[in-house]
1. Evaluate the following for I114: is it surrounded by 15 or more Cβ atoms within 10 Å (Cβ to Cβ) and more than 28 Å from E72 (Cα to Cα)?
2. Could you give every pair whose Cβ atoms fall below 9 Å, whose first residue belongs to segment 264-286 and is closer than 14 Å to G194 by Cβ and assigned by TED's automatic domain parsing to the domain that holds K133, and whose second residue is acidic (D, E) and surrounded by 21 or more Cβ atoms within 10 Å (Cβ to Cβ), counting only separations of at least 6 or pairs across chains?
3. So V197 fits all but one of (1) aliphatic (A, V, I, L, M); (2) under 19 Å from the mean Cα position of the chain (by Cα); (3) under 28 Å from V89 (Cβ atoms); what number is the exception?
4. From the list E129, E59, E77, which residue is under 26 Å from G41 (Cα atoms), surrounded by fewer than 19 Cβ atoms within 10 Å (Cβ to Cβ) and not assigned by TED's automatic domain parsing to the domain that holds D176?
5. All but one of (1) within 23 Å of Y26 (Cβ to Cβ); (2) not assigned by TED's automatic domain parsing to the domain that holds Y33 hold for G177; which doesn't?
6. Which of the residues spanning segment 134-156 are over 23 Å from V112 (Cβ atoms) and surrounded by fewer than 14 Cβ atoms within 10 Å (Cβ to Cβ)?
7. Test each condition in (1) modelled with pLDDT of 95 or more; (2) within 27 Å of K283 (Cα to Cα) for A17 and report the one that comes out false.
8. Within segment 109-132, can you find the residues that are in contact (Cβ under 8 Å) with a residue 40 or more places away in the chain and within 18 Å of the chain's Cα centre (by Cα)?
Amino acid sequence: MPRIAYVNGRYVRHADAVVHVEDRGYQFADGVYEVCEVARGFIVDMTRHLDRLNRSLGELDIAWPMSRKALETVMREVVRRNRVMNGMVYLQVTRGVAPRDHVFPVAARPAVVITAKRIDPAVVHKRAEGGLKVITVPENRWDRVDIKSIGLLPNVLAKQKAKVAGAHEAWFIDPDGTVKEGASTNAWIVTMEGKLVTRPADHGILRGITRTTLFDVAGKLGLEIEERGFTVAEAKAAREAFITAATTVVMPIVEIDGESVANGHPGSVAMSLRQAFFDVAEKTRA
């Protein structure tokens, strides 16, 4: 069965899915996106993802391409048509198609693309059991990373640098040595006292949806969370380190810049959070 995409009002074969050459997402990265996990036939945390989409659209003064209810229906339909039980659904909204000009077009209609793909949960679980390696890179992004914009070139370059180094993720680091976040994840550590630490979700990082739901998971497990910055040195000396994102949920970090975290194996706190996540998260049947 061929993959199906939704493009501006039509369900089309993924191989035939196209947007106009003057779509402002293509020419200016003038758009936003969301990625939701699909697990066991459910779209995870859809409400919070669409709440964040609403905020991102508002920050860029882009209108919704359709009603929120209609968008939810299309997302579920794309997941259903692609027969995705475990994987992800990707949603992108741009300002639309207009003659190339930096200023906002007056009459352009927002454009929307939604795709879905399968991800083998066994592969992801095996990766979690082995733990991931990260490298650090200097922060070089614009100040408004709290907006989930499609302008991700610094993130792409950081991810590529991580791949070349044999790692899975790159953490952006402030000049004072403080960890910001990953190229596509939020960063966490576990102190020797068992406290979870993550940077406050202000304009310096993206307020990750998995990060937000993890506060609920931690509460269920009786774990304390402290929102503050932490340095690379503190992360290397921590009891555990891990990352969170919609497509990976909780992933233990076992190495930072070639140095092992703790004993170099996934920690029990991160794995407990990972195991409890699905039961706590919101689940919308696709």
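1. No.
2. G267/E240; S268/E240; V269/E240; A270/E240
3. (3)
4. Step by step, each of E129, E59, E77 is checked, and only E77 is under 26 Å from G41 (Cα atoms), surrounded by fewer than 19 Cβ atoms within 10 Å (Cβ to Cβ) and not assigned by TED's automatic domain parsing to the domain that holds D176.
5. Exception for G177: condition (1).
6. Residues satisfying the conditions are P138, N140, W142, D143.
7. Unmet condition: (2).
8. Across segment 109-132, the qualifying residues are V113, I114, T115, A116, K117, I119, P121, V124, R127, A128, L132.
The values are calculated or read from the model by the stated rules, or taken from the named source; none is laboratory data. These numbers were taken from a predicted model, which means no experiment stands behind them. Here Cβ is always computed from backbone atoms with ideal geometry, including for glycine, and neighbour counts include all displayed protein chains.
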